Ligand SMILES: Cc1cc2nc3c(=O)[nH]c(=O)nc-3n(C[C@H](O)[C@H](O)[C@H](O)COP(=O)(O)OP(=O)(O)OC[C@H]3O[C@@H](n4cnc5c(N)ncnc54)[C@H](O)[C@@H]3O)c2cc1C
């Protein structure tokens, strides 16, 4: 009988991106009374400005590339002029239409997620949330006639999932017309003639790759000696080669000190004084967490020097009833990680069975052309002796399916524990690497050996056959 009088656990979630959304859904599923506070739109930056729009744009870039590559396979595109002579048609991208479609798609995805939350019984408050101590969230909602309206949500458990925003350099302030952050790019109505991309990390590389395919002249300014610093060196070398082959200018070891508007476009001034002129500029120089001024430290939450919330593997902060998920935490800035953290946080808070997040097993992908997907330990860690492993790399050039499809670049690389042959990581560089990494991620998660992987059938001919071939080549002789 006592249960009848026990009140439901009250959960407040601040931020409705993948981290907050998943926490709210899991909380409702486990029987909590959940309130979600979101200031822009459900789905968060992931849906509204980052993942969904960028990957939709990249799908368009891939379609554009496919038209060009079809010619290599013998497909001819031509129309006839008035004399009946064949003429090559031009491939043109209607960026206004592309951007309209992708923004509509993002809006629809946000609405679908909002409807899912409501169906699950989650209460949604639109507004800016701030902690008022460890048990309460104050929300400033719309500005009423008397000023700003406030709402207060008292909670037993709070999940902070406020995400991050593009880093702005004072010497290169985006204006949304010629100088952009990645959130502003979708207002473009025509493909830029010459796009300068500052920053060669994942975001910079993805947009540089996409806009090259869409027809822009692209100059990529990279402060390191290779694009995609921190990624697998062989994979980064393949991508840099493809970039250059496709006509991109890659300025390595170059730092952009400033970016300013000119009468005709923009000029980036490098630290050695070189000036690079273009028509538009994308600033992709990282993100900063949205953790300032929302009462975190006052509620007893520890932050790192960079302002990220310190969490453990069940997403718990230093305040026992407060959890944090996603880009505002010290974990990996990926939508998949944010949602896993959100779910794990709720399971832990509500006493359900919890699998602490294992960052080592996170599969991630860079949507350049070709794509780069990775999971597990890296070659660098193996070479530095941090992990004991053998390395095997198989170029896709030897794969029959790759030959049929006209794939010129890419490889599969497996890492297996020396002696036991347990798969501890891998890299795939291929057109659909984001799909091909899954069998390796399964092997890493479930500690399969190379022999167990190679015993599973792959389709002949298939790109996944190269994963099996690499595993076979690493066979442990008894
Ligand atoms: C260009 C780009 C492409 C990307 N592509 C991929 C990809 O392909 N795959 C992948 O896994 N990841 C990708 N990412 C990373 C991914 O976008 C993030 O990891 C993900 O958005 C993190 O989710 P989140 O829930 O932490 O935060 P967000 O998605 O940023 O959501 C946070 C939400 O909190 C709200 N908020 C903030 N402060 C408050 C407040 N005080 N009160 C109320 N609401 C608040 C914001 O309005 C926002 O809606 C990409 C990132 C970028 C920049």
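Can you give me the number of residues within the range 126-164 that are assigned to a strand (DSSP E or B) and within 15 Å of the ligand (Cβ to nearest atom)?
Going through the range 126-164 one residue at a time, the tally reaches 22.
Would you confirm, using the coordinates I've provided, whether residue 403 is part of a strand (DSSP E or B) and surrounded by fewer than 23 Cβ atoms within 10 Å (Cβ to Cβ)?
No; evaluated as a whole, the condition is false for this residue.
Could you pull out the residue among 206, 240 that is farther than 29 Å from residue 14 by Cα and within 16 Å of the ligand (Cβ to nearest atom)?
The match here is 206.
For residue 40, which of the numbered conditions (1) surrounded by fewer than 24 Cβ atoms within 10 Å (Cβ to Cβ); (2) away from the ligand (no atom under 14 Å from the Cβ); (3) over 13 Å from residue 116 (Cα atoms) fails to hold?
(2)
So for the range 107-120 (the condition being modelled with pLDDT under 95 and either assigned to a strand (DSSP E or B) or loosely packed, with under 11 Cβ neighbours inside 10 Å (or both)), does at least one residue qualify?
no
Does residue 178 qualify as being within 15 Å of the ligand (Cβ to nearest atom) and modelled with pLDDT of 95 or more?
The answer is no for residue 178.
Could you check the range 256-288 and list, in sequence order, the residues that are in a loop (DSSP other than H, G, I, E, B) and either under 17 Å from residue 174 (Cα atoms) or within 23 Å of the chain's Cα centre (by Cα) (or both)?
262, 263, 264, 265, 279, 284, 285, 286
Considering (1) surrounded by fewer than 21 Cβ atoms within 10 Å (Cβ to Cβ); (2) under 30 Å from residue 18 (Cα atoms), say which one residue 296 fails and leave the rest.
Status for residue 296: all satisfied but (1).
Consider the range 99-125. How many of its residues are under 23 Å from residue 212 (Cβ atoms) and away from the ligand (no atom under 16 Å from the Cβ)?
2
Restricting attention to the range 323-333, does a residue exist that is more than 11 Å from the ligand (Cβ to nearest atom), over 20 Å from the mean Cα position of the chain (by Cα) and either surrounded by 21 or more Cβ atoms within 10 Å (Cβ to Cβ) or under 30 Å from residue 175 (Cβ atoms) (or both)?
yes
Against the condition more than 29 Å from residue 335 (Cβ to Cβ) and surrounded by 12 or more Cβ atoms within 10 Å (Cβ to Cβ), how does residue 15 come out, does it pass?
Taking the combined requirement at face value, the residue does not satisfy it.
As an exercise: evaluate residue 360 against (1) more than 16 Å from the ligand (Cβ to nearest atom); (2) surrounded by 17 or more Cβ atoms within 10 Å (Cβ to Cβ); (3) within 25 Å of the chain's Cα centre (by Cα) and give the number of the one condition it does not meet.
Every condition holds for residue 360 apart from (2).
Out of curiosity, is residue 265 more than 16 Å from the ligand (Cβ to nearest atom), modelled with pLDDT of 95 or more and surrounded by 16 or more Cβ atoms within 10 Å (Cβ to Cβ)?
Criteria met by residue 265.
Scanning the range 167-193 for residues that are crowded, with 18+ Cβ neighbours inside 10 Å and out of contact with any helix residue (DSSP H, G or I) (no Cβ under 9 Å at 6 or more places or on another chain), which turns out nearest to residue 58 (Cα to Cα)?
Checked the range 167-193; the qualifying residue nearest to residue 58 (Cα to Cα) is 181.
Spot the failing condition for residue 477; the list is (1) surrounded by fewer than 22 Cβ atoms within 10 Å (Cβ to Cβ); (2) at pLDDT 95 or above, and only one is missed.
(2)
Condition test on residue 286, is it more than 19 Å from residue 188 (Cβ to Cβ), surrounded by fewer than 20 Cβ atoms within 10 Å (Cβ to Cβ), within 15 Å of the ligand (Cβ to nearest atom) and touching a residue at least 24 places away in the same chain (Cβ under 8 Å)?
yes
Have a look at 76, 97 and point out the one that is exposed (fewer than 12 other Cβ atoms within 10 Å of the Cβ), within 30 Å of residue 407 (Cα to Cα) and touching a strand residue (DSSP E or B) at 6+ places or on another chain (Cβ under 9 Å).
76
Go through the range 432-470 residue by residue and tally those that are touching a strand residue (DSSP E or B) at 6+ places or on another chain (Cβ under 6 Å), assigned to a loop (DSSP other than H, G, I, E, B) and surrounded by fewer than 19 Cβ atoms within 10 Å (Cβ to Cβ).
Selection size over the range 432-470: 1.
Just name the residue that is nearest to the ligand (Cβ to nearest atom) out of those in the range 289-321 that are outside any loop (DSSP other than H, G, I, E, B) and touching a residue at least 24 places away in the same chain (Cβ under 8 Å).
That would be 289.
I need the full set of residues from the range 300-314 which are under 22 Å from residue 138 (Cα atoms) and crowded, with 22+ Cβ neighbours inside 10 Å, in order please.
Matches in the range 300-314: 301, 309.
Which residues, taken from the range 18-37, are within 9 Å of the ligand (Cβ to nearest atom) and over 15 Å from residue 159 (Cα atoms)?
Those that are within 9 Å of the ligand (Cβ to nearest atom) and over 15 Å from residue 159 (Cα atoms): none in the range 18-37.
Just one of the numbered conditions (1) over 27 Å from the mean Cα position of the chain (by Cα); (2) within 14 Å of the ligand (Cβ to nearest atom) is not true of residue 167; which one?
Exception for residue 167: condition (1).
The values are calculated or read from the model by the stated rules, or taken from the named source; none is laboratory data. Source: prediction; values computed, not measured. Reconstructed Cβ throughout: ideal geometry from the backbone, glycine too, with neighbour counts over all protein chains shown.
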